[in-house]
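Structure first, then comments.
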Amino acid sequence: MYSFKKYIDENFDTSLARVSYDYGTSFNSFIINPNNSDEYMKVNPYTEMMGTVLSGMLEAFPGFADITIPIMGKDLTLEGAVGMMGESLPSPWEEMPNNMALLNNQYDLVGKSRWPQRANEVVVVVNENNKLLDYQLFMLGLKSTDDVLTAMGTNSGFAESTFSLDEILSLEFKLMTNADYLIKNDGEETWTMHDRKDLSKEFVDGHAMTFGKDANGKDIDTVKVVGVIRPKKGVVATSISGVIGYTSALTAALFDHATNHPAAQKMIEEYNRNAAIYGSTFYNSVIDFSNADGTNSVKIGDAISFGNDDKHSDIMRRLGVVDKDYPTCINFYCTSFESKAVIEEFINKYEAETGNKIKYNDSLSAMMSFVNTMTTTITGVLVAFAAISLIVSTIMIAIIIYTSVLERRKEIGVLRSIGARKKDISRVFLAESAILGAYSGIIGIIVSAIISVIGSVILKLVFGISGLMTVTWWHCLMMVLISVLLSMLAGFIPSRIAANKDPAIALRSE
């Protein structure tokens, strides 16, 4: 990704899309537990939050541990299902674009809010109606694990919860990288991973990252909410999908903090020493580290390979140490449908100039393909219902005209006796069929126009969508023509029956 990132930095038009670089790292954020001020509550990563909720639920209901749930063709335990649900939700914390003009075009500041100006300042994102979803209250630390368990047990949710702007602006978080969980072993140049479930104030306050010093010389170790933002009316696509938006300065601070951790520095020293001095392709680990779920563990003394089998880079990313020139993934958030095509051309141009192939997923095309498939399917079903309705209507018109022929046999006989030809009789009933179809078409136009007007008003009021339901002049013309043609088709056989009636027999009928 190095060369592609460099190519983007030198040639990409940032008005086409917001470019986001993913380095495969994560960080931990904490907030004072609203139900227990003596400990913190972890609110990021969200999967660990969900794990805390699950642990509390299994303690209250031990029998749930053996329950399996079929999801996407797999039988998952409750723990696996909760983990999948947590991963499917957007990350609570998301870096904002550096383009302030774009942000001001998409969002309004609520009340006395302002945009972040420092690394330790963030904003909270609400919807157009100043509302947050239930799980977002948990993400912000406004509700605790106990509140979630209570809500799940009573099926009440947090629907009645309200918070003032001052309450939101008073939120403060403590941040830690994964490297901060590494505690130095006494008398050794090795580090052991601390319990990730430790939420005590002593541990979190002692290891939270700092952002310089205040006027009194004290360390600044909190991240403060300085604003609440909401999407502007009429804005369809926004730049921040999380509930907390932070600046690129915080991203840089997190990378620098993790890189400067003594354990990370020792790992880098061992890597450089073995690679440059000994020409080796591995070195021995000086840390004892694993993921939150206990997987991918590394023990002190384990061989850490680099080169073709680059385990070193993977471990450093998990600690939060990255090279900013080497992202693991690059995301383009297009500003319009037209810009998507331009970005595809940009990628193709890069491939042609460098010979490097870029593998990418076009989520917008996948989504539109899914929508088009659904639309085609629904349209086909509606057309099928409409076709059945037309067939039934045609049969009913044919029956009506045939009934009219049976009831007007004497009239047919009189017309034939005074010189009317067979085709004249046929034309009479065809004309009646056409008139019946024209009346039906006009009634259909009136009903459609009324429904369109009412539907458009409802869509405008409820969803803010205008012009979705309209009836144009050519729609009206087509409806009348189709109605007349189908009616004449339905009346064709009855009209031929009427034309072939014997005049003498018809005159004797009553």
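Table for the structure above
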{"item": "Qualifying position, being touching a Ser or Thr at 6+ places or on another chain (Cβ under 7 Å), modelled with pLDDT under 85 and among the charged types (D, E, K, R), among 302, 288", "result": "302"}
{"item": "Verdict on residue 450 being closer than 30 Å to residue 129 by Cα, under 39 Å from the mean Cα position of the chain (by Cα) and exposed (fewer than 14 other Cβ atoms within 10 Å of the Cβ)", "result": "no"}
{"item": "Residue within region 391-410 that is at pLDDT below 85, exposed (fewer than 12 other Cβ atoms within 10 Å of the Cβ) and not in a helix (DSSP H, G or I) present", "result": "no"}
{"item": "Residue that is farthest from the chain's Cα centre (by Cα), among those in region 411-427 that are crowded, with 18+ Cβ neighbours inside 10 Å and under 18 Å from residue 493 (Cα atoms)", "result": "412"}
{"item": "Qualifying position, being at pLDDT 90 or above and out of contact with any Lys or Arg (no Cβ under 6 Å at 6 or more places or on another chain), among 127, 120, 155", "result": "120"}
{"item": "Flag if residue 82 is modelled with pLDDT under 80 and within 19 Å of the chain's Cα centre (by Cα)", "result": "yes"}
{"item": "Filter result for residue 148 (at pLDDT below 90, of a type outside the set (S, T, N, Q) and crowded, with 16+ Cβ neighbours inside 10 Å)", "result": "yes"}
{"item": "Test set (1) buried (at least 19 other Cβ atoms within 10 Å of the Cβ); (2) at pLDDT 80 or above - residue 17 fails condition number", "result": "(2)"}
{"item": "Verdict on residue 482 being closer than 30 Å to residue 409 by Cα and either outside the structural domain of residue 407 (by TED's automatic domain parsing) or over 48 Å from the mean Cα position of the chain (by Cα) (or both)", "result": "no"}
{"item": "Qualifying residue in region 44-60 (condition: closer than 21 Å to residue 208 by Cβ and modelled with pLDDT of 80 or more)", "result": "yes"}
{"item": "Test: residue in region 340-358 that is at negative phi, surrounded by 10 or more Cβ atoms within 10 Å (Cβ to Cβ) and not in a helix (DSSP H, G or I)", "result": "yes"}
{"item": "Subset tally (residues that are touching a residue at least 60 places away in the same chain (Cβ under 8 Å) and aromatic (Phe, Trp, Tyr)) for region 417-460", "result": "1"}
{"item": "Contacts under 7 angstrom Cβ, first residue in region 214-235 being closer than 20 Å to residue 248 by Cβ and modelled with pLDDT of 85 or more, partner among the basic types (Lys, Arg) and in a strand (DSSP E or B), 6 or more apart", "result": "220/213; 222/174"}
{"item": "Hits in region 312-337 - residues which are under 23 Å from the mean Cα position of the chain (by Cα) and of a type in the set (Ser, Thr, Tyr)", "result": "328, 333, 335, 336"}
{"item": "Pairs, first not assigned by TED's automatic domain parsing to the domain that holds residue 339 in region 359-382, second surrounded by 10 or more Cβ atoms within 10 Å (Cβ to Cβ) and modelled with pLDDT under 75, C-beta under 6 Å, six or more apart", "result": "none"}
{"item": "Selection status of residue 342, within 19 Å of residue 257 (Cβ to Cβ) and either in contact with a strand residue (DSSP E or B) (Cβ under 6 Å, 6 or more places away or on another chain) or modelled with pLDDT of 80 or more (or both)", "result": "no"}
{"item": "Residue check, residue 431 at pLDDT 85 or above and surrounded by 14 or more Cβ atoms within 10 Å (Cβ to Cβ)", "result": "no"}
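The values are calculated or read from the model by the stated rules, or taken from the named source; none is laboratory data. Bear in mind that the values here come from a model prediction, so they are computed numbers and not experimental data. With ideal geometry, Cβ positions are generated from the backbone for all residues, glycine too; neighbour counts draw on all protein chains shown.
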